[in-house]
Amino acid sequence: MQLLDIDKEIHKCNLCNDMVEKFPNSKTVSIGKRNDIVILGEAPANNGWRKSGIAWYDVNHKLLPSGVVLQKLLNEINLKIEDTYFLEAIKCYPKDRKYLNKCSENCKKYLFKQLEIIKPKVVLVLGDAATKSILNIKYKKFSDVVGKVFYINGYKVIPIYHPSPISPMSYKGNIEIFKNMV
């Protein structure tokens with residue numbers, strides 16, 4: 001099975017039809033130059049690749065503010081955003097945040113099929129909702145798991161704060177994690 005086959009399966013899926021807007025394009029993975037690091041987000045950004053077709057960029061091909069922060073962090077390990085693979089835990093765009101858990105559960109099989117094909121060494125997970133989608137553990141606060149290393153199906157999984165510039169932890173809460181990845 002190829003990543004394109006999984007995208008076709010996702011496009012046919014109707015488990016969340018009443019809770020999501022379908023992706024306008026059929027691509028649910030951003031393929032980087034290297035498969036050793038996969039970045040896992042929560043769901044397609046409304047103003048990002050959902051409309052532009054390019055992860056971290058807007059329709060004018062300008063790097064989004066979260067992408068600017070992420071690129072600063074990736075500079076610590078000598079990577080560019082375009083070097084990494086990028087996936088979303090939820091493959092469509094939820095109409096309301098209250099649907100995140102259900103949509104995440106419905107998409108989990110696709111996520112793990114994609115990871116099985118990509119075979120990354122590290123999965124960097126952006127934020128609480130994406131972390132809950134891949135880790136099968138309970139925790140009180142997201143900060144309890146940030147920067148810790150978990151192993152899921154042989155992949156090293158590291159939750160990090162989402163690189164959104166509106167979060168005070170987006171850069172300063174993640175910088176040591178990236179410095180220690182070298």
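The values are calculated or read from the model by the stated rules, or taken from the named source; none is laboratory data. In this text the structure is predicted, and so the values were computed from the model without any measurement. Please note: Cβ atoms are built from the backbone with ideal geometry, for glycine as well, and neighbour counts cover all protein chains shown. When the accessible area is computed, the model is the full protein with side chains, heavy atoms only, and any ligands, DNA or RNA have been set aside. Shrake-Rupley method; radii C 1.70, N 1.55, O 1.52, S 1.80 Å.
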Residues of segment 167-182 being at pLDDT 95 or above and of a type in the set (A, V, I, L, M), in sequence order, are 169, 175, 177
Suppose we filter 73, 115, 124, 63 for residues that are open to solvent by less than 10 Å² (accessible area, probe 1.4 Å) and over 12 Å from the mean Cα position of the chain (by Cα); which single one remains? 73
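Determine whether segment 135-145 contains at least one residue that is of a type in the set (S, T, N, Q), farther than 23 Å from residue 22 by Cβ and touching a residue at least 40 places away in the same chain (Cβ under 8 Å).
Narrowing segment 135-145 to residues of a type in the set (S, T, N, Q): 136, 143.
Checking the rest, the ones that are also farther than 23 Å from residue 22 by Cβ come to 136, 143.
Remaining after also requiring touching a residue at least 40 places away in the same chain (Cβ under 8 Å): none.
The answer is no, given that none of the residues of segment 135-145 is of a type in the set (S, T, N, Q), farther than 23 Å from residue 22 by Cβ and touching a residue at least 40 places away in the same chain (Cβ under 8 Å).
Out of segment 146-160, which residues are in contact with an Asp or Glu (Cβ under 9 Å, 6 or more places away or on another chain) and either in contact (Cβ under 8 Å) with a residue 60 or more places away in the chain or not in a strand (DSSP E or B) (or both)?
To start, the set of residues in segment 146-160 that are in contact with an Asp or Glu (Cβ under 9 Å, 6 or more places away or on another chain) comprises 147, 153, 159.
The answer is 147, 153.
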Looking at segment 153-182, which of its residues are closer than 15 Å to residue 39 by Cβ and not aromatic (Phe, Trp, Tyr)? 156, 157, 158, 159, 160, 162, 163, 164, 170, 174, 177, 181
Residues of segment 18-53 being surrounded by fewer than 18 Cβ atoms within 10 Å (Cβ to Cβ), within 16 Å of the chain's Cα centre (by Cα) and within 23 Å of residue 128 (Cα to Cα), in sequence order, are 36, 46, 47
Being under 24 Å from residue 63 (Cα atoms) and exposed (fewer than 10 other Cβ atoms within 10 Å of the Cβ) is the filter here; which residues of segment 152-182 pass it? 166, 168
Of everything in segment 133-151, what is exposed (fewer than 15 other Cβ atoms within 10 Å of the Cβ), among the aliphatic types (A, V, I, L, M) and over 19 Å from residue 175 (Cα atoms)? Give them in sequence order. 137
Please name all residue pairs, on different chains or six or more residues apart, with Cβ atoms under 6 Å, provided the first residue is in segment 5-16 and is free of Cβ contacts under 8 Å to residues at least 60 places away in the same chain and the second residue is assigned to a loop (DSSP other than H, G, I, E, B). 7/26; 7/28; 11/26
